[in-house]
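In what follows, a single structure is set out as structure tokens and then discussed.
The values are calculated or read from the model by the stated rules, or taken from the named source; none is laboratory data. The structure presented is a predicted model; accordingly, all values stated were derived computationally and were not measured. All Cβ positions, glycine included, derive from the backbone under ideal geometry; neighbour counts span all protein chains shown. Please note that ligands, DNA and RNA were not included when accessible areas were found on the heavy atoms of the full protein model with its side chains. Shrake-Rupley method; radii C 1.70, N 1.55, O 1.52, S 1.80 Å.
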Amino acid sequence: QVQLVESGGGLVQPGGSLGHSCAASGSIFSMEDMEWYRQAPGKQRELVAQITVYGATKIVDSVKGRFTISRDNGKNTVYLQMNDLKPEDTADYYCHAHGFISPRGNRFDTWGQGTQVTVSS
């Protein structure tokens, strides 16, 4: 079993910053892409940022220039730094990871528990 444990989030005023981290633990043979998603009240979950094992990133246009995704492969941890936060960034944020638990091709696909971000004055 592979588990993702998130930390971070909270309440912040518009223009403020928050950071998230998400650490994977368990039987991990190799990790593939890691992602951050968010789900605002009444809306579908959407991809926010993605990072490959080699560090290549994709950021959704709505947060580009404000959010940064990074990872520490040695710690199987992904981070999301959010700057210049706006009220429309209010959502539950989830990390997602997939990879292999053995060299035989057994895969895992796991979500974090979610952390709430509220941007409000």
- Query: In the set Asp92, Asp84, Asp61, which member is closer than 17 Å to Leu4 by Cα and of a type outside the set (Ser, Thr, Tyr)?
  - Reply: Asp92
- Query: Which residues, taken from the range 1-59, are among the aliphatic types (A, V, I, L, M), over 17 Å from Asn76 (Cα atoms) and without any contact (Cβ under 8 Å) to a residue 40 or more places away in the chain?
  - Reply: Leu47, Ile59
- Return a yes/no flag: does the range 66-75 have any residue that is of a type outside the set (Asp, Glu), assigned to a strand (DSSP E or B), open to solvent by less than 20 Å² (accessible area, probe 1.4 Å) and more than 18 Å from Ile101 (Cα to Cα). yes
- Query: Within the set of pairs 6+ apart or on separate chains, which have a first residue in the range 96-107 that is part of a loop (DSSP other than H, G, I, E, B), a second that is surrounded by fewer than 12 Cβ atoms within 10 Å (Cβ to Cβ), and C-beta atoms under 6 Å apart?
  - Reply: Ile101/Ser27
- Could you tell me which residue of the range 3-21 is nearest to Phe108 (Cα to Cα), considering only residues that are surrounded by fewer than 18 Cβ atoms within 10 Å (Cβ to Cβ) and aliphatic (A, V, I, L, M)? Val5
- Query: Mind checking which residues of the range 84-98 are of a type outside the set (Gly, Ala, Ser) and either out of contact with any Gly (no Cβ under 9 Å at 6 or more places or on another chain) or open to solvent by 60 Å² or more (accessible area, probe 1.4 Å) (or both)?
  - Reply: Asp84, Lys86, Pro87, Glu88, Asp89, Thr90, His98
- Considering only residues of the range 46-65 that are closer than 22 Å to Ser17 by Cα and part of a loop (DSSP other than H, G, I, E, B), which is least open to solvent (accessible area, probe 1.4 Å)? Val60
- Quick one: count up the residues across the range 26-45 that are touching a strand residue (DSSP E or B) at 6+ places or on another chain (Cβ under 9 Å), modelled with pLDDT of 95 or more and exposed (fewer than 13 other Cβ atoms within 10 Å of the Cβ). 1
